Amino acid sequence: MKSKILVLLMLAPLHCVSVAQDTEEFSGQVTGIFVGKSELIKIGVAETEDAPLNCYSDETSSWQLHFNADMPYSSNWFDILNLVRSTQERIKIGYTPNSDSSCAIEYLALMKAKNYGNGDVPIDNLTRTGDFGNIALNGTNGLHNNSYSANGFYRSDEAYSAFDGFSHTEQLSAGVGEKTNRNIWLIKKDIKEYPDKKYWLQVEFNEFVNVSGFRVVLNQKGAELGRSPRLITIQSSDNGENFVSQETFRLMKLADQRINLTEKIEVKYLRILIESNWGSTFIQIDELEIYAN
């Protein structure tokens, strides 16, 4: 299948650096990041026969690449590599070959996931929308306002507003979604009302689905104010009463993030339990997309 090539929305522009003339390029997935006391941040990638690295690495080494930790672009690179490690997106990494040690990274180039609008999806009865195959959009797959719920909301920013296809004033995918209220779910943290800090947002599907990942979107101002989720736990339920914690993720302070689950989970109710955010008295999610790929 042909894949549509686009820039990933959640990533900041890459810092420009001078590139060595003998640079080679790796295309694949990041497997790990090592941060020690040295000035180098080490990166592990998944080598294959089709994508080998021209770098020295002994049998026990998992860190084939590196970059300096104290450069102007270092923080940006770290965030990008950590994000693609979490989402298991493919990335292109330019590096200088080295036969004596790990290779220095020269540049990063982002790649795009599959185009789910051209039939490159699992065979099932689910409708998928947007660039990444969202199955939780309000009005699709039998979903409606009452399919979404949360532990509470602020003023008119109810749960279903996080499933309308909009991030505040921005439509996430052309022709997909319909505005509701301010197009965001917002809740004010209240220790008296919620002493156990149980802030959550969930969707009830009409049938069991095999969820593979999700996307959390905020507008840039909301992210800068520290309203985005920081530590979240994915929970599932068959009946909407008894929830089982599946996996916990630590998100970055970014406006747009996609995360793949380690393993697919079969759910009727999917809940995101928000255990902390980035410091604001409000928790905000403009759009929550769910994937079954």
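Tabulated data
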| quantity | calculated |
| --- | --- |
| Test: residue in the stretch 257-267 that is of a type in the set (A, V, I, L, M) and in a loop (DSSP other than H, G, I, E, B) | no |
| Selection from the stretch 62-105 of residues that are under 28 Å from Phe132 (Cα atoms) and of a type in the set (D, E, K, R) | Asp79, Arg85, Glu89, Arg90, Lys92 |
| For Gly175: the one exception among (1) within 18 Å of Asp131 (Cα to Cα); (2) touching a residue at least 24 places away in the same chain (Cβ under 8 Å) | (2) |
| Residues (under 21 Å from Ser74 (Cα atoms) and among the acidic types (Asp, Glu)) located in the stretch 24-55 | Glu24, Glu25, Glu39 |
| Residue in the stretch 240-254 that is part of a strand (DSSP E or B), under 12 Å from the mean Cα position of the chain (by Cα) and at negative phi present | yes |
| Residue list for the stretch 246-293, restricted to those being basic (Lys, Arg), closer than 23 Å to Asp79 by Cα and touching a residue at least 24 places away in the same chain (Cβ under 8 Å) | Lys253, Arg258 |
| Subset of the stretch 13-47 (residues that are modelled with pLDDT under 85 and exposed (fewer than 11 other Cβ atoms within 10 Å of the Cβ)) | Pro13, Cys16, Ser18, Gln21, Asp22 |
| Filter result (outside any strand (DSSP E or B) and under 19 Å from the mean Cα position of the chain (by Cα)) within the stretch 226-239 | Gly226, Arg227, Ser228 |
| Conditions (1) under 25 Å from the mean Cα position of the chain (by Cα); (2) surrounded by 14 or more Cβ atoms within 10 Å (Cβ to Cβ): number failed by Lys92 | (2) |
| Some residue of the stretch 57-68 being surrounded by fewer than 16 Cβ atoms within 10 Å (Cβ to Cβ), closer than 28 Å to Arg250 by Cα and modelled with pLDDT of 90 or more | yes |
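To keep it simple, each residue is scored yes or no on (1) of a type in the set (D, E, K, R); (2) modelled with pLDDT of 95 or more.
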| residue | (1), (2) |
| --- | --- |
| Ala162 | no, yes |
| Gln171 | no, no |
| Asn181 | no, no |
| Tyr194 | no, no |
| Leu201 | no, yes |
| Gln220 | no, no |
| Arg227 | yes, yes |
| Asp238 | yes, yes |
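The values are calculated or read from the model by the stated rules, or taken from the named source; none is laboratory data. Please read these numbers as outputs of a predicted model, since none were measured by experiment. Ideal geometry is used to build each Cβ from the backbone, glycine not excepted, and the neighbour counts take in all protein chains shown.
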